[in-house]
Structure formats: structure tokens, C-alpha cells
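Every number in this text was worked out from the coordinates using simple rules, so none of it is lab data. Predicted model, so just to flag it, every value in this text is computed and none were measured. Positions of Cβ are backbone-derived with ideal geometry, glycine not excepted, and every protein chain shown enters the neighbour counts.
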Amino acid sequence: MLSRRAFSLLIVDDEEGMRLGLEKALSLEGYRVTSAATGAEARRKSRGEKFDCAFVDLRLPDLIGTDLLSDLREAGTAVVIITAFATVDTAVRAMKLGAADYLQKPFDNQDIVALADRLCFGRSGARPSGALPGEGLVAASASMQNIVGTLRKVMDSEIPLLLQGESGTGKEMLARFVHSQSARAARPFVAINCAAIPPDLLESELFGHEKGSFTGAHATVTGRFEAAGAGTIFLDEIGDMGASLQTKLLRALEERAFEPVGSTRTIPLSARIIASTNSDLAALIREKKFRLDLYYRLKGVAVTIPPLRERREDIEPLLSFFLDTYRQRYNKPGVEITREAVRFLGSYQWPGNVREMKNAVESAVLLSEQSHPLLPRDFLLEGPGDASLPELWQLEREAIVEVLKKTGYNRSVASRELGMSRKTLYNKMKRYSIK
């Protein structure tokens, strides 16, 4: 089985922070990475080494990123164009010129890794060793196994999917799993949070707009629906969409076509639609805040993801996955976790669900000392896990205060006595409001 070490990647971006960040993120996951700040430098390096995949910023100081396409493609390199949404129309043209995909700023490092995996391993017919389909999707519990089983049956169909569940349960992760395992995997996965964009801008974000169609429309912009092509559109927090746009979305879904704002052009809607919400859509429908006909159009197949506290069989596998992920990312292979911490995390209620666990494990690993296994107190959570540990947080606070008083509030000396780093001590003082 191939490992990521078998593949060589090229990063081309003149912004040093972005370039170094991408290089570090991909290197920590095992890829061999080379970077370049200009088009000329990228051409020079590509003549001396064959790259499996290249991530190229659209705007470079000496040329446009698409100018590198033909050179890199001739060498057998899959090229991903990195672009801001304001220039997605250019990215779509890049796809027509032969780009393998495009990535919109801002993006999460996991998006880059997932895309590199798809392009590198997809072309080789392999899968990265140790990687799970869907990048962290865990289905140890019967409820999650049933959900995954249902989705596998409709993976390659065009039927819309509606994913429901509390915030942080992994709805986008499940949507990406469906996309990555479907026949559309080689096409774009385009996600948009309907709650994060002002209602008066959301329409043009989805459908695009023509130059001059409204105040501030200084250029024609391609919308997310067109940019997705025959891929997947993920409409997150669909319950927050305004009534007027609900009507336009319903029409687009029924006619499988749409018109950009201010245009008479009709564009086919080829993407598969996956919507998600943490709202009670039935209640919104009763309150006349969500259209019943749109609800039925979106729920071709509907699944409800249980909160993490109701599928405790998934807690330990998720914990193991996130520990492995962040041990690699932060180069801390020796970080272990005590059974006491596992028991504590297994009994914790996880109000923030999988997202809360991901953040808690990342911060614990990042702040950890290699020689000290992770204890319950190392996970910065909001409260105790169960009734058997009701005084854990108060006891820890009292111990910290006692040592601080004894050392005259010298944090360097106190941290050594407490067996933690100075940074960990500072974070705990902040958390426990210790002045």
C-alpha cells in the first residue's frame, strides 16, 4: 500500500505565510513538498523534478497562475488553482484549460490534504495508508452504521440529501464522505454556509451576477452553483435562508437551471445538492419561516445524525483518530493518553459534539509535553464528565493557586512544580480566572 511519502507536491504562492503554511500542513501529513514564490521559479524547479500535484495561486508577481498550466500538465502534474471567490469565474475557465480542480480562499488545511489525497491516490488507484474514507468519518455505533449504509445506497444518484443534527455532529464531514465515495469525486465539492453570508449577498454568491446588476457589482462573477459544475453543492444551515431566496432556490431545483442576478442567461444546474441544518425545520415550517415545498424538494433522502452523547461507541475511535492526526501534525509522536483521561472523555456530555472533541484533542496535543501522558485536566472542556468527577476542576484550581502562592506567583517555578509547561499553566490560570 502506498504512503503519502511516495508523492511529490509543488506549492506556488508569492505570499510567504500562505506558502509556508501549506508546505508545513502537507509535509506533516507525509507528502514531499517543494515550494516556489514566482512562476519563473516554479518552471525552473519543475524542469528538475517531476511533481504529482501542484497548488498554484492565481495571482503571481510575474504571471497569471493559469500560464503554468500547460507546462505542468505536459509533465504529468495535476494542477489545482488557488483563488479568492471574487475570481471564481477565472478558476472555472482554468478548469476548462485543464486544471484538475480549484480551491477557494479561505480554506482549512484539511481541505488541502483531502484534495491532495484525491488527486494523488485517485490517479494511482490506491488509498493513503491509515486514512479513513471521508477524512475522520467514524461509524462504530449502530446508528452511524445505519446512516452510512443508507447513504451508500444512493451515493451515485442525483437525489438531494438532507442532513440534520446538532451543531458539530459532523454533517459536512458526512457530505464530503458522500462526495468522495461517489462518481462525482473527481469534480468540485463546493460548500457554502447560508447563515454566514448576509441575505442580500447570498443570492449572488449562489447564482452569480452580471456586471452592473446592483450597486457595487463592478464585474461579472460566477456563482457557486456554476462553479460546482457536475460536482456537489453543500448548502450548510439551509434553515437560515431567507424566504425570497428559498423561492428562487426551489425554482432552480425544480427546473434544474438558474439565472445569474441581472442576467437572462439560463445555466443548467448539474451539481448534486446536499443540504444540512441544525434547526427544527418542522417548527420553522409551522411558523411560516421555511417553505414546505422546498423541504420536500431537499429531502430526497433525509438522515438525522445523533449527537455524540447518544453514540458513545464512536467516542474512543474518534479520540484515537484525532490523537493520531495531531501527533503527526505537531510532530509529537510520543504523546500518549491515560486510561483515566479516556474514561473521563467517554463520560463527558460533549455539548459541542465532534467539533468540540476535535478542538479539545488538538489543543491538548499542542500544549502537551512529550514525557507527560495526557490527563483529564489537559483537555480544556467546560465541565466534568460524570458525577464521579464533580470536584475535578475545583481541585485542580485549588492546587494551582496553592503552588502559585508558595512560589510568590512565579509562573516559571510554579509550572515546574506542577509538572506542566509555562504556557499550559497560563492557559489554565486564564480558564480558572486566577489573577
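Classify the chain: rounded, prolate or oblate, from the alpha-carbon gyration tensor (a ≥ b ≥ c, eigenvalue square roots; a/c under 1.5 rounded; otherwise prolate if a/b is larger than b/c)?
Note, shape of the chain comes out oblate.
Tell me, what is the percent relative contact order of the chain, built from C-alpha pairs under 8 Å that lie six or more residues apart?
Reported relative contact order: 12 percent.
Could you work out Rg/(2.2 N^0.38 Å) for region 137-306, with Rg from alpha carbons only?
Against the compact-globule rule of thumb, the ratio is 1.04.
With label points built 7 Å along Cα→Cβ from the Cα atoms of Arg59 and Ser167, find their separation and express it in nm.
The answer from the label model is 3.2 nm.
First measure r as the distance between the Cβ atoms of Ala185 and Lys430, then evaluate 1/(1 + (r/R0)^6) with R0 = 41 Å and state the FRET efficiency to the nearest 0.05.
The formula returns an efficiency of 0.40 here.
Got a sec? How would Ile147, Ile81 order by Cβ neighbour count within 10 Å, fewest to most?
Ile147, Ile81
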